[in-house]
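Below is one structure; the comments refer to it alone.
The values are calculated or read from the model by the stated rules, or taken from the named source; none is laboratory data. Here the structure is a predicted model, which is why all the values come from computation and not from measurement. Virtual Cβ from ideal backbone geometry, glycine too; neighbours counted across all protein chains shown.
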Amino acid sequence: MQLACFVGARPNFMKMAPLLRALAAHAQVDVTLVHTGQHYDPSLSDVFFEDLGMRRPDVSLEVGSGSHGQQTARVLERTEEFLLSCVADGKIDRVVVVGDVNSTMAVSLAAVKLGVSVAHVEAGLRSFDRGMPEEINRIVTDSIADLLLVSEPAGIDNLRREGHADDHVHLVGNVMIDTLLHLLPSARGRDTLSRHSLVPKGYGVVTLHRPSNVDHPQTLAELLHALADISRELPLVFPIHPRTRKQIELYDLIDVLSNARGILELPPLGYLDFLSLTSQAKAIVTDSGGLQEESTALGIPCLTMRGTTERPVTVQQGTSTLIGNDAEQLRFHMNAVLEGTYKKGSCPELWDGQAAKRIAEILVA
């Protein structure tokens, strides 16, 4: 069996790494790893291959950044060119895509137009907010994939409602949690905390990058002031995404952070250093989908700065609470964390570190 597995952006690597390990246990499967190059900055891409112990790509399409249209078009064009060469040589049976980035959708489109079957890992997730580019990517990818590999029960319900046949849909668990559990001992063994004078459960972690939080000066200012206030009670570690840093500078809000002695500003981190921080934090404040999942698996309170989530199990069963971009809600729920009254949560079914193994067995079968 000839598989082409595609990654494009940082979240994809964490989802693909365990699947590559699982597929390696099947001698009859030959995998070509293709990197579209949607994330090309070494601080956001190369270090993740190293931390995850993930093999280097066999093919790099080098599409780079651009508008959604430009980036999607380049991925589509270069993927088609690559797949045409594979199909001509009889070298490809199926394409495997993960997640919901532009590369996920564009690769899937290129494949199905050439008659190549597509498996989508993390299928069925829906935020029901079509203002999010990722939501469009999910809907389009699922509509044309023929093998839909789902991480939580809500995904099964969504896909059935959209008319997918049951034999195309499989509840397999969460490959992100495979990676977390695989690397957690290594992450906690690092000196990340001591390097930054931190103690376990003695700090919070913050990540922000979505337009709803960082693209409006008043919203961003209110959130930064709230974080500065919180940092007086609980030190906060803030690895700042390049896009967020740009907005902070654009809106002249640098002083809000620099004057907050309890906020430790860091550049983007590799997976192991970041997991070392998040896994030992008292609380997480984020607008990241992946961190909602990881915090639930770790049992750590997660204040999710979004109005909707495509991962409802993290709210219904896990440790996440949706607070939108409301600075007062951020203060309120962080106070509950500090007082010990925040909800406990539990880990969802099949988030057991074996999702990739189940996926590999389905692909082979």
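Miscellaneous remarks
- Filter pass, residue 222 being crowded, with 20+ Cβ neighbours inside 10 Å, part of a helix (DSSP H, G or I) and touching a helix residue (DSSP H, G or I) at 6+ places or on another chain (Cβ under 7 Å): no
- Inspection of the range 182-203 finds no residue satisfying the criterion of being in a strand (DSSP E or B), within 24 Å of residue 280 (Cα to Cα) and not β-branched (Val, Ile, Thr).
- Where helices (runs of 4 or more DSSP H) fall wholly inside the range 44-154, the ranges with 1 or more residues that are in contact (Cβ under 8 Å) with a residue 40 or more places away in the chain, basic (Lys, Arg) and under 25 Å from residue 353 (Cβ atoms) are 133-144.
- Whenever a residue of the range 297-321 is surrounded by fewer than 22 Cβ atoms within 10 Å (Cβ to Cβ), its partners that are among the aromatic types (Phe, Trp, Tyr), lying with C-beta atoms within less than 9 angstrom and at least six residues away or across chains, give the pairs 308/128; 321/342.
- In the range 343-355, of all residues being touching a strand residue (DSSP E or B) at 6+ places or on another chain (Cβ under 9 Å) and buried (at least 20 other Cβ atoms within 10 Å of the Cβ), the one that is nearest to residue 207 (Cα to Cα) corresponds to 345.
- Residues that are part of a helix (DSSP H, G or I) and at pLDDT 95 or above were ranked within the range 204-219; the one that is farthest from residue 330 (Cα to Cα) is 217.
- Qualifying residue in the range 27-34 (condition: farther than 29 Å from residue 365 by Cα, in a loop (DSSP other than H, G, I, E, B) and aliphatic (A, V, I, L, M)): no
- Among residues that are modelled with pLDDT under 95, out of contact with any Gly (no Cβ under 6 Å at 6 or more places or on another chain) and assigned by TED's automatic domain parsing to the domain that holds residue 101, residue 153 is not included.
- Output for the range 271-305, where each listed residue is modelled with pLDDT of 95 or more and assigned to a loop (DSSP other than H, G, I, E, B): 279, 280, 281, 282, 287, 299, 300, 301, 305
- Test: residue in the range 73-90 that is within 15 Å of residue 34 (Cα to Cα), surrounded by 19 or more Cβ atoms within 10 Å (Cβ to Cβ), among the hydroxyl-bearing types (Ser, Thr, Tyr) and in contact with a strand residue (DSSP E or B) (Cβ under 7 Å, 6 or more places away or on another chain): no
- Residue count for the range 199-224 satisfying the condition of being touching a residue at least 40 places away in the same chain (Cβ under 8 Å) and either touching a strand residue (DSSP E or B) at 6+ places or on another chain (Cβ under 9 Å) or not hydroxyl-bearing (Ser, Thr, Tyr) (or both): 14.
- Any hit, the range 225-248, residues being at pLDDT below 95, basic (Lys, Arg), out of contact with any strand residue (DSSP E or B) (no Cβ under 8 Å at 6 or more places or on another chain) and surrounded by fewer than 18 Cβ atoms within 10 Å (Cβ to Cβ): yes
- Evaluated against (1) closer than 21 Å to residue 333 by Cα; (2) of a type outside the set (S, T, N, Q); (3) outside any loop (DSSP other than H, G, I, E, B), residue 255 falls short on exactly one condition, (1).
Results for (1) closer than 21 Å to residue 175 by Cα; (2) in contact with a Pro (Cβ under 8 Å, 6 or more places away or on another chain); (3) of a type in the set (Ser, Thr, Tyr), shown as yes or no for each residue.
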site	(1), (2), (3)
5	yes, no, no
33	yes, yes, no
72	no, no, yes
75	no, no, no
85	no, no, yes
